[in-house]
1. Is it fair to say residue 210 is on the phi < 0 side of the Ramachandran plot and out of contact with any strand residue (DSSP E or B) (no Cβ under 7 Å at 6 or more places or on another chain)?
2. Quick check on my filter: what residues within the stretch 6-42 are under 18 Å from residue 223 (Cβ atoms) and outside any strand (DSSP E or B)?
3. Under the condition of being modelled with pLDDT of 90 or more and more than 18 Å from residue 132 (Cα to Cα), which residue from the stretch 167-183 is surrounded by the fewest Cβ atoms within 10 Å (Cβ to Cβ)?
4. If you check residue 68 against the conditions, is it crowded, with 18+ Cβ neighbours inside 10 Å and either within 25 Å of residue 35 (Cα to Cα) or in contact (Cβ under 8 Å) with a residue 40 or more places away in the chain (or both)?
5. Taking the stated definitions as given, is residue 107 under 10 Å from residue 157 (Cα atoms) and either touching a residue at least 40 places away in the same chain (Cβ under 8 Å) or surrounded by fewer than 18 Cβ atoms within 10 Å (Cβ to Cβ) (or both)?
6. Condition (residue is free of Cβ contacts under 8 Å to residues at least 40 places away in the same chain and in a helix (DSSP H, G or I)) applied to the stretch 166-177: is it met by at least one residue?
7. How many residues does the stretch 66-91 hold that are farther than 22 Å from residue 25 by Cβ, in contact with a helix residue (DSSP H, G or I) (Cβ under 8 Å, 6 or more places away or on another chain) and at pLDDT below 90?
8. Out of everything in the stretch 125-163 that is in a helix (DSSP H, G or I) and touching a strand residue (DSSP E or B) at 6+ places or on another chain (Cβ under 8 Å), what residue ends up being modelled with the lowest pLDDT?
């Protein structure tokens, strides 16, 4: 069996102290393997977004371990963690987090700029992913002039520009209508299928979760059930 791309051991996250203490995660241990599509599902307050933030190295656990390709990250320095996050992960959020006054191309090449890549190579890589997502004609548009669906495509392009191993999508269709949601879902699962990107989706949308190979059901900071898709079982 290959080394998991991500794994946790007894992962705990606590907010507050004393009377205000809230146990957001209560000792989670599981693995995510390269090329998998995994949905983390549950109601608001179940701990699913907290878990994603820990897996994506956006936050630190109170106790327990997150390991990336077999290496525990808690022993690394903050600068190294930031570099790992920028090199390894792509992020698609419900809120688009686009700079409205920058062009689409400037927005999506930001991770490469942070990584210190030169402008011509940044733009070449940026146009490559925009073409992949049928957005090349919007490259010079200001982000503020895009529709909701186009903004989410731009976010997906930004998530892909650094060629990530793992793509995290936090309620990626939460702000979109049904038709646009289906287009975005098709893009995400197409990337998973065609490029082998590991896809981790946080959602309360049952239809979106059902498209993933594995579903982790969360309740009160714990994984209460784990389900595999029928296709996965048959395979």
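The values are calculated or read from the model by the stated rules, or taken from the named source; none is laboratory data. If you're wondering where the values come from, they're calculated on a predicted model, not measured in any experiment. Positions of Cβ are backbone-derived with ideal geometry, glycine not excepted, and every protein chain shown enters the neighbour counts.
1. In short, yes.
2. Passing the criteria: 33, 36, 42.
3. Residues of the stretch 167-183 that are modelled with pLDDT of 90 or more, as a first pass: 167-170.
Narrowing the set further to residues that are more than 18 Å from residue 132 (Cα to Cα) leaves 168-170.
Numbers: 168: 23, 169: 26, 170: 20.
Once the filter is applied, the top-ranked residue is 170.
4. Criteria met by residue 68.
5. Working: under 10 Å from residue 157 (Cα atoms): yes; either touching a residue at least 40 places away in the same chain (Cβ under 8 Å) or surrounded by fewer than 18 Cβ atoms within 10 Å (Cβ to Cβ) (or both): yes.
So residue 107 fits the description; yes.
6. The answer is no, given that none of the residues of the stretch 166-177 is free of Cβ contacts under 8 Å to residues at least 40 places away in the same chain and in a helix (DSSP H, G or I).
7. Number satisfying all stated conditions: 1.
8. So the first thing to find is which residues in the stretch 125-163 are in a helix (DSSP H, G or I), and the list is 125-132, 136-138, 143-145, 148-160.
Subset that is touching a strand residue (DSSP E or B) at 6+ places or on another chain (Cβ under 8 Å): 143, 152, 155-156, 158-160.
Numbers: 143: 90, 152: 87, 155: 91, 156: 91, 158: 93, 159: 91, 160: 91.
Only one residue tops the list, namely 152.
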